[in-house]
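The values are calculated or read from the model by the stated rules, or taken from the named source; none is laboratory data. Predicted model, so just to flag it, every value in this text is computed and none were measured. Cβ: placed from backbone, ideal geometry, glycine included. Neighbour counts: every protein chain shown. Accessible surface areas use protein heavy atoms only, side chains included; no ligands, DNA or RNA. Shrake-Rupley method; radii C 1.70, N 1.55, O 1.52, S 1.80 Å.
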Amino acid sequence: MKSKKTNQILDKIKRLKKERRAVILAHNYQTSDVQDIADFTGDSLELSRKAAETKAKVIVFCGVNFMAETASILSPDKKVIIPDNQAGCTLADMITADKLKTLKSRHPEAVVVSYVNTTAEVKAESDICCTSSNSIQVVNSIPRDKEIIFVPDKNLCRFTQEETSRKLICWQGWCSTPHTNISAEDIKKSKQAHPDAKVMVHPECNPEVIDLADEVVSTSGMLRFAKRSKATEFIVGTEIGMLYSLKKANPKKEFYPANDKAICPTMKLITLEKVYQALKDLVYIVKVEESIRQRAKKAIDRMLEVS
Ligand code: SF4
């Protein structure tokens, strides 16, 4: 049962959303309140695609900055706003365009693959983007005689390297929370408590965690796996917000966090109150400078062509 105050905010958001002709997009790691008020929930790429398709004038992006930037890259004519402009991503911050340029100067013939968890400036310096669900396809689309630089996540790089049998030049970045907080010990303990459960983890997790998993899948891959699997119990190795999305889509199945402290603090900065303020004052606007946008879009478009 929601409090009177929450119901009042929800009513105000719904009214303003109509007035502004806005759409609310929420990442699967957002709180349940924010996921429930959203028109669409999904992973960063699914949401950016929704942003590009929508006829809405205003897009309220409940996620972190690089995701809102990607939406703005794909939808330059729409107003993209993020309810808290401090919602960054520690992984995206681990590489800058200048650092990538330095690495490229050492490997001038290399193709640069960048995970979507990067800033627009880094995407603009890249040849092709990837997500955790298509990194294997993206790398396989590159001729075998080409060197490949892969940024910024070292665990996704290692996983892609193993799955494609390609030698990649891996940037040594990582998601400081929540993915690297999940340990092999967490998985073993969860398995003891729920011996019939299938273990699904995100490829950003540490290698020893990946080795214990039944499925190594992206956020959208987890939803697909849980739906099609005959199993009724799952141990989930990613940010705990995902459990709400999984349970909502599969009410008869059970989902357990591999580690209930696997929380992305910046994802949780966005609240219903901030969504309301964002719609009321149209803050904070995310806009990518045009020359960067065009170059970054090329890298995203290339990925969409191959996946
Ligand atoms: Fe970035 Fe990790 Fe948070 Fe995802 S979970 S937004 S990779 S810090």
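Data for the structure
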item	result
Per-peptide average of other Cβ atoms within 10 Å, ordering 248-254, 123-129 highest first	123-129, 248-254
Proximal aspartates and glutamates to K99, defined as alpha-carbon separation beneath 14 angstrom and excluding residues fewer than eight positions away on the same chain	E121, E125
Residues K227 and K188, FRET efficiency given R0 of 25 Å [Cβ-Cβ distance, rounded to 0.05]	0.40
Order of exposure, largest accessible area first, which applies to H194, H179 with probe 1.4 Å	H194, H179
Proximal charge balance of P178 [Cβ under 12 Å; K/R count +1, D/E count -1]	-2
For the range 179-257: accessible area per residue (Å², 1.4 Å)	45 Å²
Lone cysteines, the chain (no partner Cβ under 4.7 Å)	C62, C89, C129, C130, C175, C205, C264
For the chain, calculated [θ]222 nm from helices alone, where every DSSP H run of n ≥ 4 adds -39500 (n - 2.57)	-12500 deg cm²/dmol
Solvent-accessible area, 1.4 Å probe, carbon plus sulfur percent, for the chain	50 percent
The chain - share of DSSP beta bridges that are antiparallel (%, nearest 5)	5 percent
Modelled FRET efficiency - R0 41 Å, R15 with E290, Cβ distances, 0.05 increments	0.75
